Amino acid sequence: MNRTAFIKFRGTNSFLLHSLSSFQFATHTASLHSNVSSFIHKITNLNDALNLFDEMSHTRPLPSVVKFNQLLTAVTKIKHFSSSLDLFKQMCAIGVPVDKYSMSIAIKCCCQLYRTKDGFALLGCCFRRAISPHVYIYNALLDGLVLEDKILEAEMLFKKLIKQNLCEPDVVTYSTMIKGLCKFGNNVTALALLRLMEQKNCKPDIVTYSTIIDSLCKDKMMDDAFKLFKEMLFEKGILPDVITYTSLIHGLCNLGRWDEASKLLKQMEDENISPNVKTFNVLVDAFCKEGKVEEAEAVINIMIERGEVPNIVTYSSLIDGYCLRGEMIKAREIFDSMTLRGLVPDVVTYSSLLNGYCKNRNIEEAMQMFRQMTGQGLKPNVVTYSTMLQGLFRVGRCVDARKLFDEMYAQGQNPNECTYRIVLEGLCSNRQVEDALSLFHLIGDSRLNSDIVVYTILIDGAGKCGKVDIARVLFQGLIDKGLQPNVRTYTVMISGFCQEGLLGEAKLLFLKMDESGCPPDNVTYRVLLQGCLKNQHCDDVVMLLQEMDDRGYSLDASTLSLFIDHIAAGLLDRSMLKLLGKLVPKELLDDSSLCDWE
DNA sequence: CTAGGGTTAG
């Protein structure tokens, strides 16, 4: 065989092979192309999607970008954002001509992964590739900024869109910006934006209204929420849906306005809107927060009867309810039964149970569950760690708390204000005020340093340890900073003075708080009265009791028994008994021997 | 072939 013949043979052979394979490809491709859409719509798991992508990317000619976009959409719908991003990158790599659709999906994925920065980088790619970014892309970016709590940047982007005419904001743009404002508690600006969009002829829809209604409900401003609800319904003719109703019911339940909540439930049923899992969960949670687990269980039974399946949120609330009542065996039973139902407890579920064990002083069980959760690959977060820290401090295990605090850092979970409050309070209640103070100064966090609750904890801790000088300095310090002491702050400071026998200072502050527009409450009076009695400083006692009566306050058992002791010992005049009798709450009379003496 | 609102823990 000569060289030419060889080449020809090779060529023939190759041609044969090629035609064979292209024939196969052709049939395959044809079926792939006709079926790909129906295939994509059936995708429920990531593996199918990845396999299909693999097949598509080896098909020649390449399927259209539309098919790829459909696949990306499917992967995004099942919330596998990082896989979706990977696929997008592969699309670019194999030369699929990505378009604005692919881009907006990729950007959305970045944003949902808390990587809005990367989203903006992709926006840059759009410009380089001459893909003109449309409103969908900007909406995804705006949503990402809101998700990451970058409200200022979100506002800047929003304004830039309008000023530089980058795109015409649509109802989604406005609604997203409104959501961001609401997230930061700025209902006023959110409402202003609602009015602005109307002016600009962009009609708010049910999402826009529901976003603000929900925010008002969360802020317990039910009147405003209902006002907006009525405006939506009667002026705009937009019918509420299950989400709108769920927000309103949530708001009412949180305020204990059960009658109105059930009225609203009935109203939605009359309108043929069925409550769904989230609606039921709101009810379950509200009952549980009041310790009414029987009612919560009844709601769960109703939801099951009506074909809704309770989820981990449902059971997490229920666990919380049982924990609140100290019924830890029952709480654990619910937790274990979740697994049997095929529900996997998550960090929140674990944290609720851990909190229950901690609050009920079963730190051993809490520790064991904590290890179990990490063993299952669940990462404890700042809430979980804070819960455990609180539990350890509660039983006085400061050294272990310290270890866990270090572990928390090592695991990359940064303590937040709540963690610091727990640690500072834990140290104080374990008589380690010095450590608490040095930690407080060490942190130097501006928000923590301007937190009146933290100051109150420290003043209380110092006072209880007999370090009234430190307490006084802290109190002066917060005043100098322009912070407003609340009734608890005043009360712990007064308590500190009383404990050291500094009745003069205690009374001065007592007068000052009232003048400052912070009237003393029940507890303040009791603290001051106990201080007076313990320090044999009885001149003002009658006057204080009289004031309490005028204000409709009452005495607690310990203050009352202190009075009785003093009267019995002849340190106080018996004529005081009549006044004291007026200040005894009925509950005390019912269940104690104190009723013998009036 | 793309977007936005409601439920759980310290």
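The values are calculated or read from the model by the stated rules, or taken from the named source; none is laboratory data. None of these values were measured; they are calculated from a predicted model. Because the Cβ atoms are built from the backbone with ideal geometry, glycine has one as well, and the counts that use them run over all protein chains shown. Note: accessible area is taken over every heavy atom of the protein model, side chains too, but ligands, DNA and RNA are not part of it. Shrake-Rupley method; radii C 1.70, N 1.55, O 1.52, S 1.80 Å.
Within the span defined as segment A:257-273, every residue fails to be buried (at least 16 other Cβ atoms within 10 Å of the Cβ) and within 22 Å of the chain's Cα centre (by Cα). Scanning segment A:540-579 for residues that are aliphatic (A, V, I, L, M), over 17 Å from A:V527 (Cβ atoms) and in a helix (DSSP H, G or I) yields A:V542, A:I564, A:I567, A:A568, A:M576, A:L577, A:L579. Looking at segment A:30-37, is at least one residue modelled with pLDDT of 65 or more, within 54 Å of the chain's Cα centre (by Cα) and open to solvent by less than 90 Å² (accessible area, probe 1.4 Å)? Scanning segment A:30-37 turns up at least one residue that is modelled with pLDDT of 65 or more, within 54 Å of the chain's Cα centre (by Cα) and open to solvent by less than 90 Å² (accessible area, probe 1.4 Å). If you go through segment A:327-382 and pick out every residue that is farther than 19 Å from A:F405 by Cβ and outside any helix (DSSP H, G or I), you end up with 13.
Candidates in segment A:472-513 are the residues that are of a type in the set (D, E, K, R) and open to solvent by 60 Å² or more (accessible area, probe 1.4 Å); of these, the one that is nearest to the chain's Cα centre (by Cα) is A:R488. Reported count of residues in segment A:402-421, each being open to solvent by 70 Å² or more (accessible area, probe 1.4 Å) and among the charged types (D, E, K, R), is 3.
Figure legend. Inter-residue proximity from segment A:489-509: first residues within 16 Å of A:C538 (Cα to Cα), second residues polar (S, T, N, Q) and surrounded by fewer than 24 Cβ atoms within 10 Å (Cβ to Cβ), beta-carbon distance below 8 Å, spacing 6+ or different chains. Indicated pairs: A:C498/A:Q530; A:C498/A:N535; A:G501/A:N535; A:L503/A:N535.
Candidates in segment A:226-256 are the residues that are away from DNA strand B (no atom under 11 Å from the Cβ) and over 21 Å from A:T208 (Cβ atoms); of these, the one that is surrounded by the fewest Cβ atoms within 10 Å (Cβ to Cβ) is A:G256.
Residues are listed down the side, and each one gets a yes or a no for (1) under 24 Å from A:L166 (Cβ atoms); (2) open to solvent by 30 Å² or more (accessible area, probe 1.4 Å):
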{"site": "A:F53", "(1), (2)": "no, no"}
{"site": "A:F68", "(1), (2)": "no, no"}
{"site": "A:L71", "(1), (2)": "no, no"}
{"site": "A:I78", "(1), (2)": "no, yes"}
{"site": "A:A93", "(1), (2)": "no, yes"}
{"site": "A:S104", "(1), (2)": "yes, no"}
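Residue under question is A:K278, and the condition is that it be part of a helix (DSSP H, G or I), within 10 Å of DNA strand B (Cβ to nearest atom) and open to solvent by 40 Å² or more (accessible area, probe 1.4 Å); does it hold? Taking the combined requirement at face value, the residue satisfies it.
Listed here are the residues, each with its yes/no results for (1) touching a residue at least 12 places away in the same chain (Cβ under 8 Å); (2) within 13 Å of DNA strand B (Cβ to nearest atom); (3) assigned to a helix (DSSP H, G or I).
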{"position": "A:C109", "(1), (2), (3)": "yes, yes, yes"}
{"position": "A:D118", "(1), (2), (3)": "no, no, yes"}
{"position": "A:S132", "(1), (2), (3)": "yes, yes, no"}
{"position": "A:A140", "(1), (2), (3)": "yes, yes, yes"}
{"position": "A:I162", "(1), (2), (3)": "no, no, yes"}
{"position": "A:E168", "(1), (2), (3)": "yes, yes, no"}
{"position": "A:L194", "(1), (2), (3)": "yes, yes, yes"}
{"position": "A:N201", "(1), (2), (3)": "no, no, no"}
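Considering A:V188, A:V146, A:V172, the condition of being surrounded by fewer than 18 Cβ atoms within 10 Å (Cβ to Cβ), within 30 Å of A:V242 (Cβ to Cβ) and out of contact with any Pro (no Cβ under 6 Å at 6 or more places or on another chain) is satisfied by A:V188 alone.
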